[in-house]
Amino acid sequence: MGQFPMRSWSVRCPAAQDTEALGRALGRLLFPGAAVALVGELGAGKTTFARGVLEGLGVHGYLHSPSFSLVHEYPGPVYHLDFYRLEQPQTETALDWEEYLGGEGVALVEWADRCAELLPPRRLEVRLEVLPDGVRRIRLTAHGTALAAVVAALAATQGEPAGL
Amino acid sequence: MPEGPTGAHLTLGIETSCDETAAAVVADGQRVLADVVASQAELFRRFGGVVPEIASRHHLELLLPAVTAALERSGVRLEAVDAVAVTQGPGLVGALLVGVCTAKTLAWALDVPLVGVHHVLAHIYANFLPEAPALPAVCLVVSGGHTDLVVLDAAERLTVLGRTRDDAAGEAFDKLAREMGLGYPGGAALERLARGGDPAAVPLPRAWLGQDSADFSFSGLKTAALTALRRGAPSADLAAGFQAAAVEVLVEKTVRAARRLGVGQVLLAGGVSANGALREAMARAAAREGLGLSFPPVRLCTDNAAMVACAGYRRLERGERAGWDLNAVADLELT
């Protein structure tokens, strides 16, 4: 990437509640059309983080992993997508995914790296990493001015300056 | 073509919510005359994963042949069909629409009632083939996409007691199996591997979520199992330990709900209800508690249209007829 302003910030989340709370804080800051790409190994906390984001966006009710169904739609619209079951480049289906990833809704994508070519260039990447002591390190990298501002605001709500 | 069974009420069922294209003919809501499932699993094996747009297109290509095959196998003329039932949601909207549009068109052309059913409700009704179980019943629906604990009362009204807060049980099985190199979906392979393992050798956590909670969580168990895998736990023991942990929570929460509500019957449904360890543990617990237990034949545990026809028939009996404006709903509520 590099054609858009970038901004990165990382934070440590000792427990699942911290991961979810960070997601909730992010959800409150997202705007229609924002795409959030979640990347991390199995068990890193992608669904936990996504649940927080959904709650922060005001989505309530039955929130769960979309791995099997591929897409969960919520009012807003908010799309919770999951590329876990997708393996191939999805070139044939680009139009299909554009409805979710390029439109008016907020899109959260788990396992985003499995089909990175589907992601819009302006997006917020969230990398979740499990440290040896079980703590999650969550690194947010914004591509694009609007999302860079979101990351700066998020860092501020967490009491930290967002480093570049 | 031979005449269909005379006098019987014939429901045509249609299911296209996910990977399977299915059509079935069910007589009087209980006798399966034909049950055709055209799976796309083979197709997706070639692609190495699901391709949603291709899935919709293939539902479109496979559905009418599946309906024709179901009618031929049951010896029923299309004109003899008395009602059309279709899965309305939840699922991929493009996939659902193929089924809903086809069902609407057929019902309209035949001038017969149309009914839309919830996919999870349809799974529960697999227990009504060929004979309805005692009601009220606590139903555990476990599959790759769902883990729901519900109660179906004597009037067949459904109340959700609890659901998964993260992974579905089948999803956790499949994901662990993939990490263990058992392929995807590998839930069944994991069950086979578990038979040779010691379930106590690798201790894994159970997520109870509070004493009275009927909700489930499998992501903590999944993560703990992955950690054990990376630390070199013997795979048969790990599979056995994982399965034992998942099954224990599923069984205990179901039995507790039945006890709390004073309900005497338990129904298992969904793809994971084909799991032998779950069936065995549920049967033991039901016997211990004096509960009746029913589960569908293995063939009707996974997605099929016979369960859709049965659910639709029972709903029509209760006056739940859909209008011609019936639409596919990707996030259809379970009620």
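The values are calculated or read from the model by the stated rules, or taken from the named source; none is laboratory data. It should be emphasised that the depicted structure is a prediction, and the values quoted were computed from it without experimental measurement. Backbone-built Cβ (ideal geometry, glycine too); neighbour counts: all protein chains shown. Ligands, DNA and RNA are stripped out before the accessible areas are found, and what is left, the full protein with its side chains, is counted by its heavy atoms. Shrake-Rupley method; radii C 1.70, N 1.55, O 1.52, S 1.80 Å.
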Practice item. Among DSSP beta bridges whose residues both lie in region A:6-157, state the antiparallel percentage, nearest 5. Key: 60
Study note, to complete from the structure: One finds the C-alpha centres of region B:48-117 and region A:8-78 to be spaced, in Å, by 34
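Considering only the other residues whose Cβ falls under 10 Å of the Cβ of residue A:57, what net charge follows from Lys and Arg at +1 and Asp and Glu at -1?
Details: positive: A:24, A:28; negative: A:55.
Net of charged neighbours comes to +1.
For n ≥ 4 DSSP H runs only, could you compute -39500 (n - 2.57) per run for the protein assembly as shown, divide by its residues and tell me the 222 nm figure to the nearest 500? Before the final figure, lay out the partial values.
Working: 14 runs with 185 residues, N = 499.
The helix contribution divided over the protein assembly as shown gives -12000 deg cm²/dmol.
Within 10 Å of each Cβ in A:67-76, how many Cβ atoms from other chains are there, averaged over the peptide?
Values: counts 8, 13, 13, 8, 8, 3, 6, 2, 1, 0.
Per residue, the average neighbour count from other chains is 6.
What is the mean number of Cβ atoms from other protein chains located within 10 Å of the Cβ atom of each residue in peptide B:117-123, rounded to a whole number?
Working: counts 0, 0, 1, 0, 0, 0, 0.
Per-residue shielding by partner chains comes out at 0.
Which trypsin sites (Lys or Arg not before Pro) from region B:69-112 combine a DSSP loop assignment with at most 16 other Cβ atoms within 10 Å? Write down the numbers at each step before the final one.
Working: sites: B:73, B:77, B:104; in loops: B:77.
Loop-located and lightly packed - B:77.
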Point to revise | GNM result for chain B, Cα springs below 10 Å: residue of B:282, B:180, B:307 fluctuating most strongly | key: B:180
Exercise for review: Taking all pairs of distinct Cα atoms, average 1/r, flip it, and tell me the Kirkwood hydrodynamic radius of chain B in Å to one decimal place.
Suggested key: 20.4
**Study point:** Among beta bridges that DSSP assigns inside region B:134-295, antiparallel share in %, nearest 5
**Key:** 60
Revision key, fill the gap. For chain B, the helices passing both cut-offs (Cα extent along own axis of 18 Å or more, Kyte-Doolittle mean at least -0.5, full DSSP H runs) are B:52-74, B:93-110, B:235-261, B:276-289
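Within 10 Å of each Cβ of A:40-47, how many other protein chain Cβ atoms are there on average? Mind dumping the intermediate values first?
Details: counts 0, 4, 11, 13, 2, 2, 2, 4.
Mean shielding by partner chains, rounded to a whole number: 5.
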Study note, to complete from the structure: A student applying the Cα gyration tensor rule (rounded when a/c is under 1.5; otherwise prolate if a/b is larger than b/c, oblate if not) would label region A:6-157 rounded
Study note, to complete from the structure: With all protein chains present, chain A has a carbon and sulfur share of its accessible area (1.4 Å probe) in percent of 52
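Counting other Cβ atoms within 10 Å, keep those with at most 14, restrict to DSSP loop, and tell me which GluC sites (Glu not before Pro) in region A:100-129 are left.
Working: sites: A:104, A:110, A:117, A:125, A:129; in loops: A:104.
Those satisfying the criteria are A:104.
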Practice item. Give the shape of region B:88-182 as rounded, prolate or oblate, defined through the alpha-carbon gyration tensor: a ≥ b ≥ c are the square roots of its eigenvalues, a/c under 1.5 means rounded, and otherwise the shape is prolate if a/b is larger than b/c and oblate if not. Key: oblate
Review point. So what is the relative contact order of chain B, in percent, for Cα pairs below 8 Å that sit 6 or more residues apart?
Key: 25
Exercise for review: Could you tell me the distance between the Cα centroids of region B:120-176 and region A:95-140, to the nearest Å?
Suggested key: 31
Practice item. Among the trypsin sites (Lys or Arg not before Pro) in region B:168-276, which ones are in a DSSP loop with at most 10 other Cβ atoms within 10 Å of the Cβ? Mind listing them? Key: B:231
Check your understanding: So for chain B: antiparallel DSSP bridges make up what percent, rounded to the nearest 5?
Key -> 60
**Study point:** Solvent-accessible area of residue B:289 with every protein chain in place, 1.4 Å probe, in Å² to the nearest 10
**Key:** 60
Exercise for review: Quick one: check the C-alpha center-to-center distance for region B:267-292 versus region B:195-225, whole angstrom.
Suggested key: 17
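What is chain A's relative contact order, in percent, from Cα pairs under 8 angstrom and six or more apart in sequence?
On the way: 338 pairs, mean separation 59.5, N = 164.
Here the relative contact order equals 36 percent.
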